[in-house]
Amino acid sequence: MTVRAKTGLPHPYDGMFAAYAAALAGARLAESSKSRYLTRVRAFLSWTARASAGGALGRDPLGDMAAAVGAAHGYRRHLRDGGYAPATIDGVLAALDDFYARRGIGATGVRRERSA
């Protein structure tokens, strides 16, 4: 699996994404799953960077568990408002839980759409 050198993310999100991609490279997941996780986490980090710059997220959503949960809820709402299918939203939430777990923060525990 190769990851493009340029992620299109501002600092420090670019480094977080690169670290996640490196950690994911050694994971026991299908290459297609790794690719989907990377795409979904990159989109989340892009959204988080914009929301953080606007002051909408408050605390550090990438280093603080309570803020991470809030960011995941906000992103789920963003996806719902964007008309994404429940299965897609659930896939994104799974990728976010994997991202946060690999960062050592733990899963967000945000309720999945299809179990709602």
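When the residues of segment 83-101 are filtered to those that are part of a loop (DSSP other than H, G, I, E, B) and small (Gly, Ala, Ser), which remaining residue is surrounded by the fewest Cβ atoms within 10 Å (Cβ to Cβ)? If we take residues in segment 83-101 being part of a loop (DSSP other than H, G, I, E, B) and small (Gly, Ala, Ser), then 83 is surrounded by the fewest Cβ atoms within 10 Å (Cβ to Cβ).
Look at (1) free of Cβ contacts under 8 Å to residues at least 40 places away in the same chain; (2) loosely packed, with under 14 Cβ neighbours inside 10 Å and you find that residue 109 fails only one, number (1). Scanning segment 33-79 for residues that are among the charged types (D, E, K, R) and either closer than 15 Å to residue 13 by Cα or not in a helix (DSSP H, G or I) (or both) yields a total of 6.
The set of residues in segment 9-18 that are at pLDDT 95 or above and surrounded by fewer than 17 Cβ atoms within 10 Å (Cβ to Cβ) contains only 18.
Restricting segment 55-73 to residues that are crowded, with 17+ Cβ neighbours inside 10 Å and out of contact with any Ser or Thr (no Cβ under 8 Å at 6 or more places or on another chain) leaves a set whose member that is modelled with the highest pLDDT is 70. Screening 80, 114 for residues that are modelled with pLDDT of 95 or more, surrounded by fewer than 17 Cβ atoms within 10 Å (Cβ to Cβ) and not aliphatic (A, V, I, L, M) leaves exactly one candidate, 80.
The values are calculated or read from the model by the stated rules, or taken from the named source; none is laboratory data. Please read all numbers here as calculations on a predicted model, not as lab measurements. Counting neighbours? That spans all protein chains shown, and the Cβs are built from the backbone with ideal geometry, glycine included.
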